[in-house]
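Below is one structure, written out as structure tokens, with a few remarks after it.
The values are calculated or read from the model by the stated rules, or taken from the named source; none is laboratory data. Predicted model, so just to flag it, every value in this text is computed and none were measured. Because the Cβ atoms are built from the backbone with ideal geometry, glycine has one as well, and the counts that use them run over all protein chains shown. What goes into the accessible areas is simple: the full protein's heavy atoms, side chains included, and nothing from ligands, DNA or RNA. Shrake-Rupley method; radii C 1.70, N 1.55, O 1.52, S 1.80 Å.
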Amino acid sequence: MNRRRTWAAAWTALLSAALLAAGCAQQQAASPRAGEAAETTLEKAKRQGFVTVGFANEKPYAYATPDGKLTGEAVEVARVILKRLGIPEINGVLTEFGSLIPGLKAKRFDVITAGMYITPQRAQEVAFANPEYGIGEALAVKKGNPLNLRSYPDIAAQPQARVAVMSGAIEMEYLQQSGVKPSQMVVVPDQPSAVAALQAGRADAITMTGPSLQAVLDSAKDPELERVMDFVQPVIDGKSVRGYGAAAFRKEDQDFVDAYNRELQKLKESGELLHILEPFGFTEQELPGEETAAELSRP
């Protein structure tokens, strides 16, 4: 027998065995040992000091400023909560709104901070935190509310009452279904025109979503106009039109959701949540109340 070939064969076998052992050891080091739990998204984010969030560049919920800073009501709420969870940095990933949930599930990011409404359909795919805001319709009138208008049915009950509404807006449908006649609607092309109609006396009220209304009133700076703060939300087909927005997580990240909810509750109880929301046009009327993700996720 050729000893050189014998030694070569033996050396090859020894080297192969060593490489195989090293590979197994490396694989065991990279994978959790039997009985050990894998690192959760929350644990990883705390260890790294940052978390990757998806947003859709939609004011006032989440958007990038001209200098590239990520902000918005959903982002700033999340920023405070995540810092208190030991995660000081947010790595924002811009995507289309329709790509938020697929991107979350594909692990392109770990949290959605886009002010996304909680719906039963979406709750089948993601785990929502409790809501951070609730948005419905809003009403503005002349100072003192001369016609005592506090709901759409109040407008319908007074044939002389006129309400300015933007052409094509969903509010036109809500008004009609609340009994307001077309002859009572002053249809305008945009939000500033609605304000002008109210100022000129061509309308007794204007209506749009809460943050939009607050924004136009802030811009108008007219002390003779006021928002109806005890406005009653319209009920269409047996349901309130009010929508609730929240951060969303992957289904398997329930520990992250629970931790997030605990800090969010503290913000609600301390009044700090309203302080965070106000710069983005939100008021007491947009606070989420006691609604929970579990309740809003029911079909």
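A few comments on the model shown:
- When residues in the range 142-167 are screened for being among the aliphatic types (A, V, I, L, M), within 29 Å of the chain's Cα centre (by Cα) and open to solvent by less than 10 Å² (accessible area, probe 1.4 Å), 2 of them pass.
- Pick from the range 49-86, criterion among the aromatic types (Phe, Trp, Tyr) and under 12 Å from residue 111 (Cα atoms), ranking: nearest to the chain's Cα centre (by Cα): 55
- Qualifying residue in the range 238-245 (condition: touching an Asp or Glu at 6+ places or on another chain (Cβ under 6 Å), touching a residue at least 60 places away in the same chain (Cβ under 8 Å) and small (Gly, Ala, Ser)): no
- Considering the conditions (1) surrounded by 15 or more Cβ atoms within 10 Å (Cβ to Cβ); (2) within 23 Å of residue 288 (Cα to Cα), residue 104 is excluded by exactly one of them, (2).
- A single member of 216, 228, 187 is over 19 Å from the mean Cα position of the chain (by Cα), within 19 Å of residue 73 (Cα to Cα) and touching a residue at least 12 places away in the same chain (Cβ under 8 Å), and it is 216.
- Yes/no for residue 73 being among the acidic types (Asp, Glu) and closer than 24 Å to residue 271 by Cβ: yes
- Counting only residues that are in contact with a Pro (Cβ under 7 Å, 6 or more places away or on another chain) and of a type in the set (A, V, I, L, M, F, W, C), the range 95-128 holds 1 of them.
- Exactly one residue out of 159, 192, 223, 146 is in a helix (DSSP H, G or I) and not small (Gly, Ala, Ser): that is 192.
- Within the range 231-245, being open to solvent by 10 Å² or more (accessible area, probe 1.4 Å), more than 17 Å from the chain's Cα centre (by Cα) and either β-branched (Val, Ile, Thr) or over 18 Å from residue 120 (Cβ atoms) (or both) holds for 231, 232, 233, 235, 236.
- Enumeration of residues in the range 175-185 that are open to solvent by 30 Å² or more (accessible area, probe 1.4 Å) and either closer than 16 Å to residue 161 by Cα or not in a helix (DSSP H, G or I) (or both): 176, 179, 181, 182, 183
- Filtered residue count, the range 261-284, keeping only those that are in contact with a helix residue (DSSP H, G or I) (Cβ under 7 Å, 6 or more places away or on another chain) and within 15 Å of residue 61 (Cα to Cα): 8
- In the range 96-141, of all residues being charged (D, E, K, R) and in a loop (DSSP other than H, G, I, E, B), the one that is nearest to residue 78 (Cα to Cα) corresponds to 132.
- One residue alone among 215, 200 is modelled with pLDDT under 90, open to solvent by 10 Å² or more (accessible area, probe 1.4 Å), out of contact with any His (no Cβ under 7 Å at 6 or more places or on another chain) and of a type in the set (A, V, I, L, M, F, W, C), and that residue is 215.
- Among residues of the range 264-284, those that are in contact with a Leu (Cβ under 9 Å, 6 or more places away or on another chain), open to solvent by 20 Å² or more (accessible area, probe 1.4 Å) and at pLDDT below 95, counted: 1
- Residue check for residue 132: open to solvent by 10 Å² or more (accessible area, probe 1.4 Å) and either modelled with pLDDT under 95 or under 17 Å from residue 292 (Cα atoms) (or both): no
- Filter result (assigned to a loop (DSSP other than H, G, I, E, B) and over 16 Å from the mean Cα position of the chain (by Cα)) within the range 246-282: 251, 252, 253, 271
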